[in-house]
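Engineer: Just passing along the structure, written as structure tokens.
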Amino acid sequence: MRHSNPKHAPTSFESYLAESAEALSVALDERDSYTHVHCDRVSTLAVQLGMDCGLTQTELDLLHISARFHDIGKIGIPDHVLLKPGALNTEEWAMMKMHPVKGERLFRQTLHPQADNVADIIRHHHECFNGSGYPDNLAGSDIPFASRILLIADGYDAMSTSRPYHHGRSHHDIMDIMSAEEGIKTDPDLMKRFIRLIEHSPARAS
Ligand SMILES: [Fe+2]
């Protein structure tokens with residue numbers, strides 16, 4: 001029997017296409033509900049930072065959808081790696097690092113009106129400002145702006161949350177780590193904004 005979701009009744013053909021991508025989000029929730037919830041929290045924080053940067057509503061919408069789907073490629077990571085209750089070994093880590101590429105491929109196949117733009121942002125959400133990230137070792141302004149925002153929001157949320165293999169860190173511990181990574185991992189100009197913004201954000205850790 002087919003079930004419809006009246007809460008998501010589309011209002012136009014474009015929104016109908018956008019809604020079709022939601023199936024991927026549900027699939028991620030089925031595989032790994034932590035990552036699904038994490039993506040929603042990252043989205044809130046990323047949009048706050050985007051607003052602080054003065055992004056347009058169109059750019060904020062793109063950032064929002066990219067954040068919600070940034071880890072969608074984890075659908076393609078085997079359970080023994082994705083759900084491992086401990087640190088990953090070298091081989092497992094190499095598999096995990098494939099998730100931005102898998103995510104790009106998945107989202108590009110959707111009918112979402114912004115599929116190509118979102119797919120590019122997803123691919124580069126683990127690029128580091130000094131070029132030491134993955135998958136393409138992009139650096140500085142070669143990294144899409146939205147991907148640089150995502151890296152910061154993603155990092156803060158991941159460190160503030162308790163997982164089977166680590167306790168959530170305090171706000172001050174996280175900021176010590178992130179400050180040391182300015183210009184290495186993160187965009188220093190964005191970090192200046194983030195340091196101000198997070199103090200008054202509902203997402204601030206205790
Ligand atoms: Fe990720």
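Every number in this text was worked out from the coordinates using simple rules, so none of it is lab data. Note that the structure is predicted; figures quoted are calculated from it, not measured. Note that we place each Cβ from the backbone using ideal geometry, even for glycine, and neighbour counts take in every protein chain shown.
Engineer: Tell me the net charge near PHE129. Cut-off is 12 Å between Cβ atoms, PHE129 excluded, with +1 for each Lys or Arg and -1 for each Asp or Glu.
Structural biologist: Result for the local shell: -4.
Engineer: Taking neighbour counts of Cβ atoms within 10 Å as a proxy for exposure, in what order, fewest first, do TYR16, TYR165 appear?
Structural biologist: Least crowded to most crowded, the residues run TYR165, TYR16.
Engineer: Would you list HIS64, HIS124, HIS167 from fewest to most Cβ contacts within 10 Å?
Structural biologist: Ascending number of Cβ neighbours within 10 Å: HIS167, HIS64, HIS124.
Engineer: While we're here: Quote the FRET efficiency, to the nearest 0.05, computed for GLU19 versus LYS97 with a Förster distance R0 of 35 Å and r equal to the Cβ-Cβ distance.
Structural biologist: After rounding, the FRET efficiency stands at 0.70.
Engineer: Per the helix-only calculation at 222 nm, which mean residue ellipticity applies to the chain, given -39500 (n - 2.57) for every DSSP H run of n ≥ 4 and division by its residues, nearest 500 deg cm²/dmol?
Structural biologist: Dividing the helical sum by the residues of the chain leaves -17000 deg cm²/dmol.
Engineer: When a footprinting reagent is the concern and you count Cβ atoms within 10 Å, what order do LEU150, LEU111, LEU28, LEU55 take, fewest first?
Structural biologist: Lowest count first: LEU111, LEU55, LEU28, LEU150.
Engineer: What is the sum of charges around SER170, taking Lys and Arg as +1, Asp and Glu as -1, for the other residues whose C-beta is under 15 Å from the C-beta of SER170?
Structural biologist: With Lys, Arg at +1 and Asp, Glu at -1, the net is -2.
Engineer: Something else now. Along Cα→Cβ, 7 Å out, is where each label goes; now give me the distance between the ones at ALA158 and THR11 in nm to one decimal.
Structural biologist: 3.6 nm
Engineer: Here is a follow-up. Would you mind estimating how fast the chain diffuses translationally, via Stokes-Einstein at 20 °C and 1.002 mPa s with the Kirkwood radius over Cα pairs, in µm²/s?
Structural biologist: Taking Rh from Cα pairs, D becomes 122 µm²/s.
Engineer: Counting pairs on different chains as well as pairs 8 or more places apart, how many Lys pairs in the chain have Cα atoms under 18 Å apart?
Structural biologist: Count of close lysine pairs: 5.
Engineer: Tally Lys/Arg at +1 and Asp/Glu at -1 over every other residue whose Cβ is under 13 Å from the Cβ of ARG31; what's the total?
Structural biologist: In short, -3.
Engineer: Still on this structure, please answer the following. Once the Cβ-Cβ distance between GLU199 and LEU60 is put in as r, and R0 is 22 Å, what FRET efficiency do you end up with, to the nearest 0.05?
Structural biologist: Rounded to the nearest 0.05, the efficiency is 0.55.
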